[in-house]
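A.B. asks: This structure is in structure tokens; I'll ask about it shortly.
The values are calculated or read from the model by the stated rules, or taken from the named source; none is laboratory data. It should be emphasised that the depicted structure is a prediction, and the values quoted were computed from it without experimental measurement. For neighbour counting, all protein chains shown are included, and Cβ atoms are generated from backbone atoms with ideal geometry for every residue, glycine included. To get the accessible areas, we keep the full protein, side chains included, count just its heavy atoms, and leave off ligands, DNA and RNA. Shrake-Rupley method; radii C 1.70, N 1.55, O 1.52, S 1.80 Å.
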Amino acid sequence: MGLFSASEGPAKATREEMSDAKLPLAYRDGCANLLIPLNRCRVDTYYLPWKCEDERHSYEKCQYEDFKRRVAKMNELRAAKDGARSN
């Protein structure tokens with residue numbers, strides 16, 4: 001699918017790295033390793049919208065792939081319960 005297989009994935013950011021980068025708890029997920037350099041780039045370039053495009057695209061793609069993984073997992077769980085919804 002992408003550069004990394006689903007089992008391999010990109011290198012995850014450690015808790016110390018996320019804490020040092022002052023990431024809010026809501027953003028400390030599997031894509032945090034891409035958000036840290038994106039935020040650093042944003043600060044360095046005064047949040048100019050045409051800067052940091054590659055970093056932003058990488059982060060947003062990671063978020064989208066994570067969403068697709070979660071939807072696939074939910075569909076798998078629904079299929080195991082014969083289509084019954086949990087809510």
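A.B. asks: Restricting attention to region 31-68, report how many residues are part of a helix (DSSP H, G or I), surrounded by 14 or more Cβ atoms within 10 Å (Cβ to Cβ) and among the basic types (Lys, Arg).
C.D. replies: 3
A.B. asks: If the Cβ limit is 8 Å and pairs must be 6+ apart or interchain, which residue in region 67-85 that is farther than 20 Å from Cys31 by Cα pairs with which residue that is surrounded by fewer than 10 Cβ atoms within 10 Å (Cβ to Cβ)?
C.D. replies: Close Cβ pairs (under 8 Å, with a partner that is surrounded by fewer than 10 Cβ atoms within 10 Å (Cβ to Cβ)) amount to Arg78/Ala84; Arg78/Arg85.
A.B. asks: Determine if region 73-83 includes at least one residue that is open to solvent by 90 Å² or more (accessible area, probe 1.4 Å) and either within 21 Å of Leu23 (Cβ to Cβ) or in a helix (DSSP H, G or I) (or both). Break it down stepwise before answering.
C.D. replies: As a first pass, look at region 73-83 and keep what is open to solvent by 90 Å² or more (accessible area, probe 1.4 Å): 73, 76, 81-82.
In the following step, the residues that additionally are either within 21 Å of Leu23 (Cβ to Cβ) or in a helix (DSSP H, G or I) (or both) were identified as 73, 76.
Within region 73-83 (the criterion being open to solvent by 90 Å² or more (accessible area, probe 1.4 Å) and either within 21 Å of Leu23 (Cβ to Cβ) or in a helix (DSSP H, G or I) (or both)), the answer is yes, since at least one residue qualifies.
A.B. asks: Shifting gears a bit: Cβ-Cβ distance below 9 Å, separation of 6 or more or different chains: which pairs start in region 20-49 with a residue that is without any contact (Cβ under 8 Å) to a residue 12 or more places away in the chain and over 16 Å from Asp66 (Cβ atoms) and end on one that is open to solvent by 30 Å² or more (accessible area, probe 1.4 Å) and assigned to a helix (DSSP H, G or I)?
C.D. replies: Lys22/Asn39; Arg42/Glu55; Arg42/Arg56; Leu48/Arg42
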